[in-house]
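Below: the structure, in structure tokens.
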Amino acid sequence: MSLSIDFIILFFSLIFLILAASKMVDSAIFISKIISIPKSIIGATIIAYGTSSPEILVSLQATLNNETGIAIGNVVGSNIANVCVGMGLICFFGKKDKLEIRPLYSTSLFFLILATLYAMIATYNNYVSHTEGLVLIGILVSVNVLLIKQAKNDDGRENKNNTMQVYGLKTSSLMIGILVLVLSIIGLILSASQVVFSSIAIAAAMDIEASFIGFSIIAVGTSLPEIIVSLTAIKKGEPSIAIGNIIGSNTFNILGVIGIPALINGMVINIDDMNTQLIFLFISTIFVLSPFIIKSTNKFLGSILIIFYIFSLYFFAMSS
């Protein structure tokens, strides 16, 4: 198969991956409203984790194919892209809104930093064991329990506008919502497989490290759901929700996307610049705190975040 065909397959696989993720989130929100789940639980779990589903499926498929470079590169690259591109665009295009650190987000920030630090320790010897994967999953369960408890006290239930758009047609049927959710999950699995296979072929043909492919092309593609959701929230004047989505997604990326494959199969990490990637990951994680420290979003901060992302791509491209 020619290189151009591999690129075409990768391009359309990423598009299908993003569309499937978007439909999955829409159907999950719709189902949650029908069965009366508080909206803050939806934002903290379903939306954040739903937009992270492409990352976990790509990384799990890559791990099963012994391409842990793509799996880890995807996690690191996605988290950096979420913060630097997602939050950068939020700061750049959003108003100078004041941000309030509610308990829901302070808990998420704490667990994000904890997860990042533990991931740095777990991957230091280039291997994530079953036990370390179990610890990561344990932290993920803990953050979910705390978030749900806090979310129940955070706001009331919202049952307005219980309809969903399915190819231009509105529906209020729970069964249709479940059907869309199931089909979206199937679409995610199939498209994630094609993303990994085509990326491996491109990396081999161009003599590029698989980790850089995961860090760049795949990471940006799988981060688009988070970025799109956050930009939509910013347009509606909800900067805290937009950033909360990024925090929740990044937390799940580390705990779930590394933890689940490690728990199933263990992860041998063959990446020469693993420690350098983790340093960039930690810096981007600290950047998450910046809007809360200065208590606003502004174009200057957005420019810094976007410049840092461009620099990170350039740095790892030169390293590859």
Sum of side-chain charges, Ala204 neighbourhood, beta-carbon under 13 Å (Lys, Arg +1; Asp, Glu -1): -4
field: Extension gain, Phe300 back to Leu183 (0.36 nm per residue minus Cα-Cα distance, nm)
entry: 37.9 nm
query: How many angstrom lie between the C-alpha centres of the range 213-236 and the range 45-83?
result: 12
task: Calculate the tail of P(r) for the range 169-279: the fraction of all Cα-Cα distances greater than 20 Å, expressed in %.
output: 61
message: Report, in listed order, any pair from Lys23/Lys299; Lys235/Lys295; Lys33/Lys295; Lys33/Lys170 with a Cα-Cα distance greater than 23 Å.
response: Lys23/Lys299; Lys33/Lys295
query: So, in nm, how far is label Met175 from label Met206 when the simple model puts each one 7 Å beyond its Cα toward the Cβ?
result: 4.7
field: Ranking of Glu55, Glu132 by count of other Cβ atoms within 10 Å, fewest first
entry: Glu132, Glu55
- line: Scoring only Lys, Arg, Asp and Glu (+1, +1, -1, -1) among other residues with Cβ under 12 Å from the Cβ of Phe252 yields -2
statement: Put in order of increasing Cβ neighbours within 10 Å, starting from the fewest, Met87, Met175 give Met175, Met87
- request: Could you please rank Lys295, Lys170, placing first whichever residue has the fewest other Cβ atoms within 10 Å of its Cβ?
  value: Lys170, Lys295
query: Residue-wise, which Karplus ³J(HN,Hα) couplings in Hz belong to the range 288-300, taking 6.51 cos²θ - 1.76 cosθ + 1.60, θ = phi - 60°, and x for glycine or proline?
result: 4, 6, 4, x, 6, 5, 8, 6, 6, 10, 8, 5, 4
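Coordinate-derived values only; no laboratory data. Note that the structure is a prediction, hence the values are computed from the model and not measured. Every residue, glycine as well, gets a Cβ built from its backbone with ideal geometry; the counts of neighbours run over all protein chains shown.
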